[in-house]
Amino acid sequence: MKPTCITSWTISCGADAERSYRESIFSIGNGYMGTRGFRPDERGQHAAWRSTFLAGFYEYIRTGITDLVNQPDFSAMVLRLNGEDTGCMRVVDFAQSLDMRNGLLEWQFALESSDGLKTQIKMEKFISMASRHVAALRLSVIPDNWSGSLHLETGIDASVQNLPIADNQLQGNSEFVQMWDVPEIYPIDGGALLTAKTLPSRRSVSMAYALNADESIELIEEDFSVSSVLVTTLECGMCWQVEKVVAVASYRDGDSEAIARSELECIRYESFDQLLGRSEKAWSKLWETSDVVLEGNETWQGAARYNIFQLLQAVPKDDPHASIGARGLTHGRYKGCYFWDAEIFMLPMFTMTQPKMARDLLLYRYNTLPDALESAKSFSAKGARYSWMASDTGFEQCETWDTGCCEIHITADVAFAFGEYAASTGDDHFLSRYGAEVYIQTARYWVDRFNYSAKEDRYHILFVKGPDEYCGVTSNDFYTVSMAQQNLHLAIDAVSEMKQHWPDEWEDLSSRIAFNDDEIDVWQDIANKSVLLFDEERNLWIQDETFEYMEPLDIEKEKDGDKPLYFKIAYDRLQRYQVLKQPAVLMYMALRPDDFSKDEIEAAWDYYEPKTLHDSTLSFGIHALVASRLGKISDAIRYLEKSLFLDLFDVMENTAHEGVHMASLGATWQALIFGFGGLSHNGKHFSVVNRLPEQLYTMRYRFFFKGEQYEAEIRQGTDPVVRMIV
C-alpha cells in the first residue's frame with residue numbers, strides 16, 4: 001500500500017488508500033498530545049475508533065494493569081448542507097495530505113448530494129508545537145452549484161471508549177472499556193469547557209474550545225458531549241469558513257480546568273493562521289538541528305523526514321515522567337507502554353540532535369527507579385529490575401509470562417542508554433545526579449540474576465529471552481550477557497568517577513543506598529567470568545545455548561513477503577525452528593561495533609542474516625546499519641528501503657491497525673546517520689566517513705557532541721566535511 005505522493009516535505013494519498021491506514025500515517029501530535037488522522041466529520045464503527053492520546057495518561061483496566069486512555073474527541077463534527085447530512089453524500093476527488101514543515105494535516109474533497117448538489121470541502125487541523133496545550137481546526141465550504149443552508153455541530157465528545165489489545169499479537173479484542181465518568185460541562189464565550197474524570201482513579205482531563213465565527217452559536221449539552229451549533233446561509237461560489245481553537249490540560253499538569261481555561265484565553269482571539277505560524281516557527285527550530293538532507297532521491301528525502309517528523313512529535317518535551325511508547329501517540333497497541341524501543345532505537349537520534357529531550361527520556365527511567373527496585377524484590381532479587389512493558393509507573397504491564405519474566409535485557413538496555421548519553425553529551429552532572437545510582441542498582445540486580453557454577457568457576461544466565469524472541473526461553477543469551485557485562489562495567493567506572501570527582505555527592509549516595517566496596521569485586525568477577533559462546537573454528541559468536549539444536553526452516557518457501565510468519569506458523573512451533581524474529585548477535589554488534597573485528601561481524605552476518613525472518617519492525621533498520629558498515633551496499637539499500645518506507649508503504653501490513661512503529665523510525669535514523677552517514681564516536685572523539693550509496697549524491701546532517709554542534713556534509717567521491725556550528 002503506497003501513498004499517492006511523497007515529496008521532500010509532504011505526504012499525501014487519495015481515497016484508494018484504506019481508511020485505517022490513512023489514519024495511522026497521518027497521525028499528528030506535539031509530544032504532549034496526539035491524534036490519529038481521522039477526518040473530523042467521518043463516522044466510526046465504534047466508540048474507540050476516534051483516538052486521541054496524552055503522553056503519560058494511563059488508567060487501570062484491571063488490577064495492576066493500565067491502558068493508555070483514549071481521550072475525548074475535540075475534533076467532533078456533524079455537517080449538514082441544505083438539510084442533508086454529509087455522511088450520506090458521495091465523496092469525490094478526495095485527497096489527504098500532511099505538511100511536515102509545520103504539522104498541518106489537510107483534507108480536500110467534494111461532496112455530491114442525492115439531488116446533484118456539489119460542494120467543495122477543505123478541513124485543516126494541527127496540534128501546536130509552540131504550545132503543548134493547543135490545537136486548532138478550520139473548515140472551508142464552497143457550494144459549486146447551489147445556494148442554501150449550512151448546519152454545523154462541533155465540540156467535544158467524551159463518549160469515546162478504550163479497546164484494550166492483548167499482548168499476544170494474534171489475539172484480537174472486542175471488549176470495550178468505559179474509561180470516563182459523566183463529564184462536567186461549562187459554557188464559555190464562543191464555546192464550552194468539558195472536564196472528564198476516569199474510572200476508577202478520577203484522573204481528570206479538561207478541554208476548552210471556542211469558535212471564531214460571525215454567526216450566532218447555540219450550545220447543546222448531552223450526557224457525554226457538548227456541541228456548538230452554528231447555522232448560516234451559503235452563497236453559490238462563495239467560500240465560507242469557521243475556525244475552532246482548542247486547549248487541553250490534564251491532572252498531570254495540575255489543575256486541569258484552570259489551565260485549560262487560561263490556555264484558551266491566551267489563544268481565543270488568535271486566528272488559525274497566526275497559531276499555525278507560531279507552530280511552524282517551533283517546528284523550524286526542531287528541523288534546524290534534526291533534519292537530514294538527502295540530495296538525489298526525493299522519495300527517500302520525504303520518507304526520511306517523515307521518520308524524523310514522527311519521532312519529534314512523539315517525544316514528551318520537558319516531561320521527565322513520560323517516555324515514548326512502541327506506537328507513540330498514534331495507537332493504543334501494547335497498552336501504549338514503553339519498551340527498550342525508546343532507549344535502544346529512538347534515543348540515539350535525540351541524543352545526537354536534541355540532547356535535552358534525550359535527557360528527559362532517561363529521567364523517566366530514573367524517576368521510576370523506585371518501582372524498578374520494588375519490581376526486583378517481587379522476583380526475589382536485589383537491586384533494580386526494569387520492566388519489559390512500563391507505563392506511568394515502572395511496574396510490569398506485560399501479561400505474557402515468558403516475555404515479561406524472561407526478557408530481562410531491558411534492565412541493561414536502560415543502563416546502556418544512560419552511558420551512551422553521558423559519553424556523547426559530556427553531561428558530567430548527569431552521572432553524579434542520576435547515572436551512578438542507576439548503574440549501581442541495576443548492577444546489583446545482575447548479581448542475583450546470574451547463576452554461579454563452582455565446578456566451572458563461571459557465571460551462567462539461565463531462563464532468559466533475548467531480542468530474538470523466537471529463541472524461546474534459553475540460557476547464556478549473547479545479547480543479554482553482553483549488555484549485562486556493559487552494565488557492570490558502567491557501575492564499576494561510575495564508583496571510581498564519583499569517588500574522584502564528586503566525593504561529597506558520592507558520600508551521600510553511597511550512604512543512602514548502603515554501598516559496600518566489596519560489591520565492585522563481585523561485579524568484576526561476573527563481568528570476567530560470565531559465559532559467552534564462541535566457535536573459534538567458524539569465528540562465530542553463538543546466539544544462545546539452544547539455537548544450534550533447532551530444526552532448520554526453508555524461509556523462502558514459508559514466508560509470504562514481509563508479513564510476519566507467526567500468522568502462518570504457531571508461535572510455539574516457531575520457537576523450535578532455527579530462525580530469528582529479529583537481530584540478536586547482530587543487534588549487539590550494531591551497538592558496539594568496535595568490540596569486534598570486521599571478520600567477526602562478517603561471520604555473524606553470513607550465519608544469522610539468512611536465518612532472520614524480520615517478523616519485527618525493529619529488524620530492517622538494524623540490518624541496514626550493519627550492512628552499510630560492512631560495505632554490503634546492495635543489502636544495506638534493500639533493508640534501508642524496507643525500514644524507511646515501513647509505515648508509509650505498510651510493508652508488513654500492520655501499520656493500518658497498529659499505528660506508526662516508533663522503533664523502526666529510530667532504527668532508520670541510525671541506518672542513515674551511523675550507517676551511510678558514517679558517524680561514530682568512542683566517547684572521547686567522533687569521526688565521519690563516507691559510505692554514501694549511489695542513490696544519493698549529497699547527505700547533510702547536524703549533530704551534537706560534548707556540548708558543541710556540528711554539521712557533516714558528505715558528497716560522492718570526496719572526503720566528508722565537518723564544520724562546527726557557532
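Only one entry in Y434, Y386, Y366, Y421 is under 23 Å from L591 (Cβ atoms), in contact with a helix residue (DSSP H, G or I) (Cβ under 7 Å, 6 or more places away or on another chain) and not in a helix (DSSP H, G or I), namely Y386. Considering the range 635-687, the residues that are under 30 Å from L490 (Cβ atoms) and among the β-branched types (V, I, T) include one that is surrounded by the most Cβ atoms within 10 Å (Cβ to Cβ), namely T668.
As a summary of the residue check, A590 satisfies the conditions (1) of a type in the set (A, V, I, L, M); (2) part of a helix (DSSP H, G or I); (3) modelled with pLDDT under 95 except for the one numbered (3). When S634, S643, S628 are checked against the criterion of being of a type in the set (S, T, Y) and free of Cβ contacts under 8 Å to residues at least 24 places away in the same chain, a single residue qualifies: S634. Taking the condition more than 18 Å from the chain's Cα centre (by Cα), polar (S, T, N, Q) and not in a loop (DSSP other than H, G, I, E, B), does S664 pass? Taking the combined requirement at face value, the residue does not satisfy it.
Quick check on the range 508-529: of everything there that is aliphatic (A, V, I, L, M) and in contact (Cβ under 8 Å) with a residue 12 or more places away in the chain, which residue is surrounded by the fewest Cβ atoms within 10 Å (Cβ to Cβ)? Among them, the one singled out is I513. Scanning the range 684-712 for residues that are under 28 Å from the mean Cα position of the chain (by Cα) and charged (D, E, K, R) returns R691, R700, R702, K706, E708, E711.
Out of the residues in the range 567-586 meeting the condition of being out of contact with any helix residue (DSSP H, G or I) (no Cβ under 6 Å at 6 or more places or on another chain) and assigned to a helix (DSSP H, G or I), tell me which one is modelled with the highest pLDDT. Here the residue is R573. For the range 128-142, the criterion of a residue being more than 30 Å from Q310 (Cα to Cα) and surrounded by fewer than 22 Cβ atoms within 10 Å (Cβ to Cβ) is satisfied by at least one position.
Annotation note: Cβ proximity below 6 Å between a residue of the range 668-679 that is without any contact (Cβ under 8 Å) to a residue 40 or more places away in the chain and over 13 Å from I633 (Cα atoms) and a residue that is among the charged types (D, E, K, R) and not in a loop (DSSP other than H, G, I, E, B) (sequence gap 6+ or interchain) occurs for no pair. In the range 541-590, which residue that is more than 23 Å from V473 (Cβ to Cβ) and crowded, with 21+ Cβ neighbours inside 10 Å is farthest from the chain's Cα centre (by Cα)? Result: M589.
Does any residue in the range 460-471 that is in a strand (DSSP E or B) come within less than 7 Å, Cβ to Cβ, of a residue that is among the aromatic types (F, W, Y) six or more places away or on a different chain, and which pairs are these? That search, which allows pairs on different chains as well, returns H460/F450; I461/F450.
Restricted to strands (runs of 3 or more DSSP E) entirely inside the range 169-276, those with at least 3 residues that are touching a helix residue (DSSP H, G or I) at 6+ places or on another chain (Cβ under 9 Å) and farther than 30 Å from M652 by Cβ are 184-188, 191-197, 204-212, 240-250.
Condition test on S496, is it polar (S, T, N, Q), buried (at least 16 other Cβ atoms within 10 Å of the Cβ), within 36 Å of the chain's Cα centre (by Cα) and at pLDDT 95 or above?
Values: polar (S, T, N, Q): yes; buried (at least 16 other Cβ atoms within 10 Å of the Cβ): no; within 36 Å of the chain's Cα centre (by Cα): yes; at pLDDT 95 or above: yes.
Criteria not met by S496.
Once the range 634-647 is narrowed to residues that are of a type in the set (A, V, I, L, M) and touching a helix residue (DSSP H, G or I) at 6+ places or on another chain (Cβ under 6 Å), the residue that is nearest to R22 (Cα to Cα) is L646.
Inside the range 16-46, residues that are surrounded by 18 or more Cβ atoms within 10 Å (Cβ to Cβ) and either in a loop (DSSP other than H, G, I, E, B) or of a type in the set (K, R) (or both) make up a count of 13.
When the range 222-256 is filtered for residues that are of a type in the set (S, T, Y) and over 20 Å from V182 (Cα atoms), the ones remaining, listed by number, are T232, T233.
The values are calculated or read from the model by the stated rules, or taken from the named source; none is laboratory data. Being a predicted model, the structure only gives us computed values, none of them experimental. Cβ sites come from the backbone with ideal geometry, for glycine too, and all protein chains shown count toward neighbours.
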